[in-house]
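This report refers to the structure that appears directly beneath it.
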Amino acid sequence: MYIELEEDQKVSSSHYGDGWWTTIYDEGILLKFPDKHFYTYFMYADNGEGGYDSVCDKTLVGWYQPSDPKDHENWGCFFAYKDYVKDHGAKDISYTETWDATSEDTNVTKIEFL
């Protein structure tokens, strides 16, 4: 499934419709659609200096749930990456900075469900 993140914190998907998104510091991202919410942490890598850097064009495995808090049956896991990252290894913990993009539209994100 592809989604598009827009600068005004709107998100659109042909599957879930329109919603909104926000980042949580440099750690993760929250996507809210009318019927489904997604949350995941950005991937990170050891920076070699005793700390870690966020790799913000890839995520770790996150979770999704229905917007109805009483619905406990339609939860699941997913991961996401910018559309150009797949050529660089979406599941690899490595840097794939946005200036290395092969796609002209770097706002398009691919979500894969597990």
Among the listed residues Tyr95, Tyr44, which satisfies the condition of being more than 12 Å from the chain's Cα centre (by Cα), at pLDDT below 80, surrounded by 13 or more Cβ atoms within 10 Å (Cβ to Cβ) and more than 17 Å from Met1 (Cβ to Cβ)?
-> Tyr95
When the residues of segment 6-21 are filtered to those that are acidic (Asp, Glu) and exposed (fewer than 11 other Cβ atoms within 10 Å of the Cβ), which remaining residue is modelled with the highest pLDDT?
-> Asp8
Those residues of segment 47-56 which are crowded, with 16+ Cβ neighbours inside 10 Å and either of a type outside the set (Ser, Thr, Tyr) or modelled with pLDDT of 90 or more (or both), in sequence order | Val55, Cys56
Which number in (1) modelled with pLDDT of 90 or more; (2) over 15 Å from the mean Cα position of the chain (by Cα); (3) not hydroxyl-bearing (Ser, Thr, Tyr) marks the one condition that Pro69 misses?
-> (1)
Collect the residues in segment 31-75 that are touching a Leu at 6+ places or on another chain (Cβ under 8 Å) and within 18 Å of Ser13 (Cα to Cα), keeping them in residue-number order.
-> His37, Phe38, Tyr39, Thr40
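The values are calculated or read from the model by the stated rules, or taken from the named source; none is laboratory data. Keep in mind that this is a model prediction, so the values were computed, not measured. Methodologically, a virtual Cβ is constructed for each residue, glycine included, from the backbone with ideal geometry; neighbour enumeration extends over all protein chains shown.
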